[in-house]
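Colleague: This is the structure I have questions about; it appears just below.
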Amino acid sequence: EYYIEIVTTLNKGGHCHHDAFEAAVIVCRYYYEEKQWAELQKICAVLWETFIHHHHEFKFTEEMITTLYERYIYVLEFHAKVEFSILYKLSVQYRETVTKYFGVSAAIVITAMIALANVCEKNEKHYHESVTIYEEVIKKITTTTTTTTTTTTVTETITETVKKRLSKMYITII
């Protein structure tokens, strides 16, 4: 309740107040764990707007942004049941903003590309875009050299998953 009060008191104007940021992240996790979907949607919206428009003022980690995106997209799709266009817009913002914030070679960029391609699979008008993104991911992964065994294993798993999804999309389009 203490963290909720901080968030409620300090956050005005659709984005997170600097002093309420940590509290907002904790509240987001709490609402998710407690399955308080309407409240989760509100706090995700605030954190999302903060990331998209004020990312230069805060310290975001790749893990934090990935978790925020996954929770926000989940609550919007399955509980708020928003239109495809909202999920698409959010996914495009995710890819574009992580690319700006973390740089094109960051692992989260591939994660965001896959997330966007996955959303594109949900709408026939975006099937070809999904295919293009999956092809870009495979190209990006195969041209990047990895140095550790863990990274190599993760990369192989991602590549395998993307190739399966790409194959599925080829079949769907044909």
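The values are calculated or read from the model by the stated rules, or taken from the named source; none is laboratory data. Worth saying up front: this structure is predicted, and the values here are computed from it rather than measured. When we count neighbours, we look across all protein chains shown, and the Cβ atoms used for this are built from the backbone with ideal geometry, even at glycine. Just the protein is used for accessible areas: all its heavy atoms, side chains included, with ligands, DNA and RNA removed. Shrake-Rupley method; radii C 1.70, N 1.55, O 1.52, S 1.80 Å.
Colleague: Extension gain Tyr30-Lys100, at 0.36 nm per residue separation less the Cα-Cα distance, in nm?
Modeller: 22.3 nm
Colleague: What value, in deg cm²/dmol to 500, does the helix sum -39500 (n - 2.57) over DSSP H runs of n ≥ 4 give at 222 nm once divided by the residues of the chain?
Modeller: -24500 deg cm²/dmol
Colleague: Per residue of segment 114-123, in order, report the coupling 6.51 cos²θ - 1.76 cosθ + 1.60 (Karplus, θ = phi - 60°) as ³J(HN,Hα) in whole Hz, putting x for Gly and Pro.
Modeller: Calculated HN-Hα couplings, in order: 5, 4, 5, 4, 4, 5, 4, 4, 7, 9 Hz.
Colleague: For segment 29-35, in order, what is each residue's ³J(HN,Hα) by Karplus, 6.51 cos²θ - 1.76 cosθ + 1.60 with θ = phi - 60°, in whole Hz (x at glycine and Pro)?
Modeller: 4, 4, 4, 5, 5, 8, 6
Colleague: Using just the C-alpha positions of the chain as equal point scatterers, what log10 of I(q)/I(0) does the Debye formula give at each q in 0.12, 0.17 1/Å?
Modeller: -0.61, -1.08
Colleague: On to the next question. Between Asp19 and Glu136, what FRET efficiency follows from the Cβ-Cβ distance if R0 is 41 Å, with the result rounded to 0.05?
Modeller: After rounding to 0.05, the efficiency reads 0.55.
Colleague: Strictly over 22 Å apart at the Cα level, which of Lys35/Lys81; Lys59/Lys100; Lys12/Lys35; Lys100/Lys125 would you flag in this model?
Modeller: Lys12/Lys35; Lys100/Lys125
Colleague: Between the alpha-carbon centers of segment 77-96 and segment 1-16, tell me the distance in whole angstrom.
Modeller: Taking the Cα centre of each part, segment 77-96 and segment 1-16 sit 24 Å apart.
Colleague: Convex hull over the Cα atoms of segment 42-106, averaged projected area in nm²?
Modeller: The number I arrive at for segment 42-106 is 4.2 nm².
Colleague: Using only the heavy atoms of the protein chains and a 1.4 Å probe, how would Arg71, Arg29 rank by accessible area, largest first?
Modeller: Largest to smallest exposure gives the sequence Arg29, Arg71.
Colleague: Testing the spin-label approximation: label points 7 Å from Cα along Cα→Cβ at Thr159 and Glu49. State their distance in nm.
Modeller: Here the modelled spin labels are 4.3 nm apart.
Colleague: If you line up the long axis of helix 37-54 against the longest principal axis of the chain, both from Cα atoms, how many degrees apart are they, to the nearest 10?
Modeller: Helix 37-54 sits at roughly 80 degrees to that axis.
Colleague: Now for a separate question. Go through segment 64-74 residue by residue and turn each phi into a ³J(HN,Hα) via Karplus (6.51, -1.76, 1.60, θ = phi - 60°); whole Hz please, and just put x for glycine and proline.
Modeller: 4, 5, 4, 4, 4, 4, 4, 5, 5, 5, 4
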